[in-house]
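Visitor: Just dropping this structure here.
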Amino acid sequence: PSPPAPPAHTPPAGSVSDSRRFIGFMQGGGCQVFSPQIQSEIRIFDDLVLSADQLWVNDRGFNNAGDYVYGNQRGVPYKMTKVLPGGELEWTVTGKRPEGSE
C-alpha cells in the first residue's frame, strides 16, 4: 500500500484556525528524506495542533513500498500537556523529584 494522501482540504502550512489554537501542516503533503537507519528514502507527513496548554503532533513516515516506518497507524497524535510551575509534574522539567517520591 502507498502512504495516505494528505487531507483533501489541507490549509497552507502554518494556518491559524481560530484565536485559541494554531494548526500546522506540511505544504505539498509531506517531504522525502534519506534515512541512515534504514538506508533508504522515507516519505514524511506531519501535522500539529498547538493551544495554550497542549501540543498534539501526528508525525508518520513510510518507506518506498508504502509501509509504515514510524508513527501511529491509526492517525492518533502524540498528546502533550503543558507543565505548570508548582504543578504535579514540574519535576519533569526541573529533574528534581518531590521528596519521598523516589
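Rule-based calculations on the coordinates, nothing more; no lab input. As the structure is a prediction and not an experimental result, all values here were calculated from the model. Cβ placement follows ideal geometry from the backbone for every residue including glycine, while neighbour counts extend to all protein chains displayed.
Visitor: Can you tell me the relative contact order of the stretch 46-102? Whole percent, Cα pairs under 8 Å, sequence separation 6 or more. It would help to have the intermediate numbers written out before the result.
Guide: On the way: 61 pairs, mean separation 14.3, N = 57.
Relative contact order here is 25 percent.
Visitor: Applying 1/(1 + (r/R0)^6) with R0 = 35 Å to the Cβ-Cβ distance of Asp67 and Glu99, what FRET efficiency is obtained, to the nearest 0.05?
Guide: On the way: r = 48 Å, r/R0 = 1.37.
Working from the Cβ atoms, E equals 0.15.
Visitor: To continue, here is another question. Measuring from label point to label point, each 7 Å out along Cα→Cβ, what is the Leu84 to Gln27 span in nm?
Guide: Taking the simple label geometry, Leu84 and Gln27 are separated by 3.8 nm.
Visitor: Loop-only trypsin sites (Lys or Arg not before Pro) in the stretch 33-102, please: DSSP not H, G, I, E or B, and at most 12 other Cβ atoms within 10 Å. Intermediate values should be presented prior to the final figure.
Guide: Values: sites: Arg43, Arg60, Arg74, Lys79, Lys82, Lys96; in loops: Arg74, Lys82, Lys96.
Here the sparse-neighbourhood loop sites are Arg74, Lys82, Lys96.
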